[in-house]
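K.L.:
Let me begin by handing over the structure; questions about it come next.
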Amino acid sequence: MSGRARERYHELRLKALKILGGKCVICGIDDPFLLTIDHVDGNWKEDPVQRRDKRGLYRFIVGNPEEARRRFQVLCWNHNAMKYFYPKEFERRYGKFLRASEKTK
């Protein structure tokens, strides 16, 4: 990826994060290097927006902000890993699925 292409990619990623609130919905960390986009319902395997096509995901979020806010949320890498590897503990602490409007602290 060329330097300019990498810049455009990161600009698109930052726009997508901002649309989704720009911080982890659990802990509030807002460092974009520590954030990831999570499927609220955890159903990433059946999502038509390809999970491995991050650029396509970011374009979808930027182009469809209302739908994106229903389907995705921002989590830090720690909370995203906890949701994936320890789903029962995640659910016990934070509820089965979070939405930005259901932020817990």
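The values are calculated or read from the model by the stated rules, or taken from the named source; none is laboratory data. Because the structure is a prediction, the values reported are computed rather than measured. All Cβ positions, even for glycine, are placed from backbone atoms using ideal geometry, and neighbour counts span all protein chains on display.
K.L.:
Would you pick out the residues in the stretch 12-56 that are modelled with pLDDT of 95 or more, assigned to a helix (DSSP H, G or I) and surrounded by 11 or more Cβ atoms within 10 Å (Cβ to Cβ)?
P.N.:
12, 13, 14, 15, 16, 17, 18, 19, 32, 34
K.L.:
Please name all residue pairs, on different chains or six or more residues apart, with Cβ atoms under 8 Å, provided the first residue is in the stretch 1-18 and is touching a residue at least 24 places away in the same chain (Cβ under 8 Å) and the second residue is loosely packed, with under 13 Cβ neighbours inside 10 Å.
P.N.:
Going by the 8 Å Cβ cut-off, the qualifying pairs are 9/1.
K.L.:
Out of the stretch 83-105, which residues are modelled with pLDDT under 70, loosely packed, with under 13 Cβ neighbours inside 10 Å and of a type outside the set (D, E, K, R)?
P.N.:
101, 104
K.L.:
Looking at the stretch 64-82, which of the residues that are over 11 Å from residue 35 (Cα atoms) and surrounded by 14 or more Cβ atoms within 10 Å (Cβ to Cβ) is nearest to the chain's Cα centre (by Cα)?
P.N.:
Among those residues, the one meeting the criterion is 72.
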